[in-house]
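The structure under discussion appears below in the form of structure tokens.
The values are calculated or read from the model by the stated rules, or taken from the named source; none is laboratory data. It should be emphasised that the depicted structure is a prediction, and the values quoted were computed from it without experimental measurement. No Cβ is skipped: glycine too gets one built from the backbone with ideal geometry, and neighbour counts run over all protein chains shown.
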Amino acid sequence: MAHIESGGKGARKVAIELNLVPFIDLMSVLITFLLITAVWSQVSMIQIGSSLYGKKNAEQPSPIIPPDAETALRLDISAKGYELTIGQQIVKLPAREGQYNEAGLAAQLAKAKLLHPTKLDSAIAMADSLPYERLIKGMDVLLKSGFPQISVLTGGPN
């Protein structure tokens, strides 16, 4: 507690005590808030790049984009079975008696890997009514076929 005494010559002395606990509480909350928001301000910074340091040097090579980067590879899982989209080609692998054709899917993905050996990314979507294990099995087949960068899409096939 802080203690202040006031009073002048011949005047009556008055003692005032300041309660510093609320001020310390406020400062601790403000410091915590400052530390938490400091991290987010660095995440939201815009990277200006070469325009900040001058014009781009003509000798700098442009980033190399793999030739298969624009080829879409998407696996849709529905109650009817698998639907594999490779670029413009669509391959349907129907489910029979509730059993999905993982072997046929792996064979189709192996063909796709032969046609596009540098492609690593793929996307997978599943109907909301199917069990989660079906999504995991589809992801396992994609991983084993050489497509490790898997994006899970929301709002799967009907």
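Quick look at the numbers
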| item | result |
| --- | --- |
| Within segment 16-50, considering residues that are of a type in the set (S, T, N, Q) and not in a loop (DSSP other than H, G, I, E, B), the one modelled with the highest pLDDT | Ser28 |
| Strands (runs of 3 or more DSSP E) fully within segment 83-158 counting 1 or more residues that are at pLDDT below 90 and under 24 Å from the mean Cα position of the chain (by Cα) | 121-126, 149-153 |
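Residue-by-condition table, conditions (1) surrounded by 11 or more Cβ atoms within 10 Å (Cβ to Cβ); (2) not hydroxyl-bearing (Ser, Thr, Tyr):
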| position | (1), (2) |
| --- | --- |
| Ile86 | yes, yes |
| Gly98 | no, yes |
| Ala106 | yes, yes |
| Leu109 | yes, yes |
| Asp128 | no, yes |
| Met139 | yes, yes |
| Ser145 | yes, no |
| Leu153 | yes, yes |
